[in-house]
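Peer 1: A single structure is presented below for examination.
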Amino acid sequence: MAKVNETFCLYIPSKTIFIETVLDLAESFFKINLNNESVINSEIASISEAVSNAIKHGNKNDPGKDVYLTIKIKEDSVITKIEDSNKKYYDYLKNYKYDKEDILKSSGRGLFIIETYMDNISLKKGKKGTIIKMEKSLK
Amino acid sequence: MKIDVLTKSHGIKVIKPHGKIVSGPKVMKLKETINKLIEKGDKELILDLDRVPFMDSTGLGVLIAAYTSLQKEDGKLKLVHVDKRIKDLLTITKLLSLFDCYDSEADAVKNILHG
């Protein structure tokens, strides 16, 4: 049974060394508030990719720039938002095309993985940077 | 990240990373470990993921780079003890077809030696 309206918020500086901690904290939050292993696995995989993209491509690994993560459990879905500090990253993401057939390329799969695991994703420019909003259905 | 490297029969190397393989210093350490083995002439590698509960797309990139380097040397990379999360990731990215996955190191060694 999901604990509706439970919320998780976290700011991190843009250093990849923090990604594992983000995943551990998010997974703990999900395990306490959501009894659904499949959804938890999808969320962790997607958060990992989105936070990594925000740090590396959005904020260009600048530790002076933050990445902001929020997770909200709703009655029928989980809403996760990740915001970087670079509004220009929005245009890159909006126009990004993933070539499914080029399986040997060494990078560039993050957004595709998020799209595969999530039921709906949207992009928008926030106050500070680019926000990726990910929605996973609980039904 | 702790990474053990063991030598099995016929010089086959088993690489055992411990912990999540995600973007950052840990994934770079795994990449360096694999690259050093390949540079030293090790062509038959087994990556034992028994202690790896999660891998992201950067980790997949390391696996692909290792696969590509070993292909050029007529070598092999086998995966052992692949967690469901990682297998799902390999499946959706169509990479599962590149890597032979085994339930035990013994099976992977047997396959390398006898095909």
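The values are calculated or read from the model by the stated rules, or taken from the named source; none is laboratory data. The model shown is predicted, which means the values in this text are computed figures rather than measured ones. Here Cβ is always computed from backbone atoms with ideal geometry, including for glycine, and neighbour counts include all displayed protein chains. Please note that ligands, DNA and RNA were not included when accessible areas were found on the heavy atoms of the full protein model with its side chains. Shrake-Rupley method; radii C 1.70, N 1.55, O 1.52, S 1.80 Å.
Peer 1: Translational diffusion coefficient of the protein assembly as shown at 37 °C, 0.692 mPa s, Stokes-Einstein with Kirkwood Rh over Cα pairs, in µm²/s as a whole number. Walk me through the numbers on the way to the answer.
Peer 2: Working: Rh = 19.1 Å.
D, rounded to a whole number, is 172 µm²/s.
Peer 1: Counting pairs of alpha carbon atoms under 8 Å apart in space and at least six apart in sequence, what relative contact order in percent does chain A give? Each step should come with its number before you reach the end.
Peer 2: Working: 246 pairs, mean separation 39.9, N = 139.
29 percent.
Peer 1: I'd like the Karplus ³J(HN,Hα) series for the range B:21-27: coefficients 6.51, -1.76, 1.60, θ = phi - 60°, whole numbers in Hz, and an x wherever there's a Gly or Pro.
Peer 2: Karplus-based 3J(HN,Hα) across the range B:21-27 equals 9, 10, 3, x, x, 5, 5 Hz.
Peer 1: Further, regarding this structure: Skipping prolines and chain starts, which residues have an amide H placed within reach, meaning under 5 Å, of the one on A:Ser85, given they are 5 or more residues away or on another chain?
Peer 2: A:Asn59, A:Thr130
Peer 1: If I model the range A:32-112 as equal point scatterers sitting on the Cα atoms and use the Debye formula, what is log10 I(q)/I(0) at q = 0.17, 0.23, 0.24 Å⁻¹?
Peer 2: Debye intensities relative to I(0), on a log10 scale: -0.82, -1.15, -1.19.
Peer 1: Heavy atoms only, probe 1.4 angstrom, no DNA, RNA or ligands counted: give me B:Asp4, B:Asp56 ranked by accessible area, highest first.
Peer 2: Details: B:Asp4 50, B:Asp56 0 Å².
The residues order as B:Asp4, B:Asp56, largest area first.
Peer 1: Next question. Where the eigenvalues come from the Cα gyration tensor of chain A, what are the semi-axes √(5λ) of the equivalent ellipsoid, largest first, in whole Å?
Peer 2: 23, 18, 14
Peer 1: With helices defined as uninterrupted DSSP H runs, which ones in chain A have an alpha carbon span along their own long axis of at least 18 Å and mean Kyte-Doolittle hydropathy of at least 0.5?
Peer 2: Values: long enough: A:19-33 (21 Å, 0.59); A:37-53 (24 Å, 0.24).
Passing helices, by number: A:19-33.
Peer 1: In addition: Considering Cα pairs under 8 angstrom that are at least six residues apart, work out the relative contact order of chain B and quote it in whole percent.
Peer 2: Numbers: 177 pairs, mean separation 28.1, N = 115.
For chain B, the relative contact order is 24 percent.
Peer 1: Within the accessible area of chain A, what % is carbon and sulfur when the probe is 1.4 Å and the other protein chains stay in place?
Peer 2: Values: 3480 of 7190 Å².
Its accessible area is 48 percent carbon and sulfur atoms.
Peer 1: Please list, ordered by chain and number, the residues whose modelled amide H lies under 5 Å from the amide H of A:Lys65; skip anything fewer than 5 residues away on the same chain.
Peer 2: Counting only residues 5 or more places away or on other chains, the set is A:Ser14.
Peer 1: List the aspartates and glutamates whose Cα lies under 15 Å from the Cα of A:Lys74, skipping any in the same chain that are fewer than 8 positions away.
Peer 2: The qualifying aspartates and glutamates are A:Glu6, A:Glu43, A:Asp119, A:Glu135.
Peer 1: On to the next question. Dividing the convex hull volume of the alpha carbon atoms of the range B:23-115 by its residue count, what do you get in Å³ per residue? Can you show the working numbers first?
Peer 2: On the way: hull volume 8.5 nm³, N = 93.
Dividing the Cα hull volume of the range B:23-115 by its residues yields 91 Å³.
Peer 1: How big is the dipole moment of the range A:1-80 about its Cα centre under a simple scheme where the beta carbon of each Lys and Arg is +1, that of each Asp and Glu is -1, and everything else is neutral? Debye, nearest 20, please. Don't jump to the answer; show the numbers that get you there.
Peer 2: On the way: 8 positive and 11 negative charges, 54 e Å.
It works out to roughly 260 debye.
Peer 1: Right, next: Can you spot the lysines whose alpha carbon is less than 25 Å from B:Lys40's alpha carbon? Ignore those fewer than 8 places along the same chain.
Peer 2: Within the straight-line limit of under 25 Å, B:Lys40 reaches these lysines: A:Lys105, B:Lys2, B:Lys8, B:Lys13, B:Lys16, B:Lys26, B:Lys29, B:Lys31, B:Lys72, B:Lys76, B:Lys78, B:Lys110.
Peer 1: For B:Lys87 and B:Asp4, FRET efficiency with R0 = 30 Å and r from the beta-carbon atoms, rounded to 0.05? Could the numbers behind the result be given before it?
Peer 2: Details: r = 22 Å, r/R0 = 0.74.
Plugging the Cβ-Cβ distance into 1/(1 + (r/R0)^6) gives 0.85.
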